[in-house]
Amino acid sequence: MTLDLAHFRKELESELERLRTARQGVNHEASLTDETGDLSSGAGEIADSATETYMRELDEGLEENAEHLIAEVEAALKRIEDGTYGTCVVCGKSIGVERLEAVPWATLCIDDKRVQEQG
Ligand SMILES: [Zn+2]
């Protein structure tokens, strides 16, 4: 089986662009909230600061997730360059085109992915 590397490279590059935009969007929204947030109403202060903490953690979570995915996508692009793209890093078998269509940055075949998810 021969993979259409040009196709997957394109998929990965557009995903990378989307993730970078999402990461910037998170940062942008967070700074907007800081500038325009009016929390001076006294009575709601405790609830507001709790919400603020929660939102901040949520933002950091999204940002972390985007960072993580960006690293995965970049690694997949590097595997295309190296000629190892589409091969399971555990057993060395072909990951399978259907799985790569769903998750272009996959590093594990479906069997090893299941093993990993089971811990
Ligand atoms: Zn495998």
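If you go through the stretch 90-119 and keep only what is more than 8 Å from the ligand (Cβ to nearest atom), more than 24 Å from Glu17 (Cα to Cα) and outside any helix (DSSP H, G or I), you end up with Ser94, Gly96, Gly119. Look at the stretch 74-89: where a residue is within 11 Å of Leu100 (Cα to Cα) and modelled with pLDDT of 95 or more and a partner is of a type in the set (A, V, I, L, M, F, W, C) and in a helix (DSSP H, G or I), sitting 6+ places away or on another chain with Cβ atoms under 8 Å, you get Ala76/Phe8; Ala76/Leu12; Tyr85/Leu5; Tyr85/Phe8; Tyr85/Ala76; Gly86/Phe8; Gly86/Val97; Gly86/Leu100.
The values are calculated or read from the model by the stated rules, or taken from the named source; none is laboratory data. Computed from a prediction, not measured in an experiment: that's the story for all the values here. So basically every Cβ, Gly included, is an ideal-geometry build from the backbone, and we count neighbours across all protein chains shown.
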